[in-house]
Amino acid sequence: HWARTMFREKAAMDYNSGMYNAYQRGREEARLMLEENARVIEERDRVIEENARVIEELNRKLREAGKDT
């Protein structure tokens, strides 16, 4: 009887430990994904800003050349 009880308790602890470990792995994966998304957004914003500078420079050159934009 006690062996069966011990077996059940160990099975429950193993299950809970597995669930906790899966939860922790999921949290870590989510953290890494959020960091990568933030990096991609920063790069996108940098490219957009650079494109805006290039467009403004081209417009300035057109104005200087007497062309209206």
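The values are calculated or read from the model by the stated rules, or taken from the named source; none is laboratory data. Small disclaimer: the values here were computed from a predicted structure and weren't measured. Ideal geometry is used to build each Cβ from the backbone, glycine not excepted, and the neighbour counts take in all protein chains shown. Heavy atoms of the whole protein, side chains included, go into the accessibility calculation; ligands, DNA and RNA do not. Shrake-Rupley method; radii C 1.70, N 1.55, O 1.52, S 1.80 Å.
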Equivalent ellipsoid, the range 17-69 (semi-axes from 5 times Cα gyration tensor eigenvalues, Å): 50, 5, 4
Positive-pole candidate from Gly66, Met33, Met19, dipole of the range 3-66, charges at beta carbon: Met19
Gain upon complete extension [Ala52, Ala11; 0.36 nm per residue less C-alpha separation]: 8.6 nm
Area accessible to solvent at Asp45, 1.4 Å probe radius, in Å²: 60
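Taking a probe of 1.4 Å, how large is the accessible area per residue of the range 2-69, in Å²?
Averaged over the residues of the range 2-69, the accessible area is 94 Å².
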Simple label model, 7 Å out from Cα along Cβ direction - Arg4 to Asn21, nm: 2.9
Solvent accessible area, Å² - Met6, 1.4 Å probe, full protein context: 110
Karplus 3J(HN,Hα) series, Hz, for the range 9-14 with 6.51 cos²θ - 1.76 cosθ + 1.60 (x for Gly, Pro): 5, 5, 4, 5, 5, 4
Additional length obtainable on full extension of the chain from Arg39 to Lys61, 0.36 nm per residue less Cα span: 4.6 nm
Charged-residue dipole, Cβ positions (Lys, Arg, Asp, Glu), the chain about Cα centre, Debye nearest 20: 380
